[in-house]
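Below is one structure, written out as structure tokens; the observations come after it.
The values are calculated or read from the model by the stated rules, or taken from the named source; none is laboratory data. Owing to the predicted nature of the structure, the values given are computational and were not obtained by experimental measurement. Here the Cβ positions follow ideal geometry from the backbone for every residue, glycine too, while neighbour counts run over all protein chains shown.
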Amino acid sequence: MKDPLLHLKGGPDSPSGRTAPLFFDDVSSLIVQVVEQAKREGIRAVLCGGMAVQMYGFVRATKDIDFIAERPLNGMKKAGNLAFGGDIYEVSNERITTTVDWILREDEKKIIYDEVIKDLKTILGVPVITPEWLVIVKIAANRSKDDEDIAYLLGQDGLVDRSLIERHYRRLFNGAAFGYIDHFANLCLMADFMKARNRPS
């Protein structure tokens, strides 16, 4: 697997920040702040969502910072609750105030999210979801806005181990894995088609 492409510059110099598009360079200190707080509390947590996609080379803005975690933080300013499970924390530095979605699944998708925490990469000192689990999580989210991220991740040579994703599905879902694998195969075909279409002639 190739090293992640860290094209992480380009965010706005906005003091308000919460609704402004964010890039890794804007919030790297905030991510480290959250990671260090989690370590102090002995909580395993993994960066996911749009920031993780950026760390794998897709330069697109996101509106907040997302972590998958095993339990809540006590030492952060709470700003709300996530409807699908988890907390929202507010973080800030001298330029930006934004939110952290601290994801704590307790539904049928918990089986996937628990695995994400166990199997991670460390990039620039930050625990980050692996590209394979990032694809699986985005497929499980079943949101149209994730389609572009999935196509990008699957379309990068050497980034995603497609056979590993299939093995994850089989291990997690046993006999019920066929439907997941079939859907994943269709997404791979679509990503390959888009890559071929966009290749310079």
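Here are the numbers for this structure:
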quantity	calculated
Residues of the range 1-48 classified as at pLDDT below 95, touching a strand residue (DSSP E or B) at 6+ places or on another chain (Cβ under 7 Å) and closer than 21 Å to G158 by Cα, total	1
Checking L73 against (1) among the hydrophobic types (A, V, I, L, M, F, W, C); (2) modelled with pLDDT of 95 or more; (3) under 16 Å from the mean Cα position of the chain (by Cα), the condition it does not meet	(3)
F67 being closer than 21 Å to E108 by Cβ, touching a strand residue (DSSP E or B) at 6+ places or on another chain (Cβ under 6 Å) and among the aromatic types (F, W, Y)	yes
Residue within the range 158-171 that is at pLDDT below 95 and hydrophobic (A, V, I, L, M, F, W, C) present	no
Lone qualifier among D101, D66 - being more than 22 Å from I165 (Cβ to Cβ), under 15 Å from the mean Cα position of the chain (by Cα) and surrounded by 14 or more Cβ atoms within 10 Å (Cβ to Cβ)	D101
Close pairs (6 angstrom Cβ cut-off, 6 or more residues apart or separate chains): touching a residue at least 60 places away in the same chain (Cβ under 8 Å) in the range 137-164, surrounded by fewer than 18 Cβ atoms within 10 Å (Cβ to Cβ) and not hydrophobic (A, V, I, L, M, F, W, C) anywhere	G158/K2
Inter-residue pairs, beta-carbon under 7 Å, first closer than 22 Å to V34 by Cα and among the basic types (K, R) and in the range 94-119, second part of a helix (DSSP H, G or I) and modelled with pLDDT of 95 or more, 6+ apart	R105/Y113
Test: residue in the range 116-139 that is surrounded by 12 or more Cβ atoms within 10 Å (Cβ to Cβ), hydroxyl-bearing (S, T, Y) and at pLDDT 95 or above	yes
Qualifying helices (runs of 4 or more DSSP H) (wholly inside the range 125-201; at least 1 residues being over 20 Å from the mean Cα position of the chain (by Cα))	162-173, 177-198
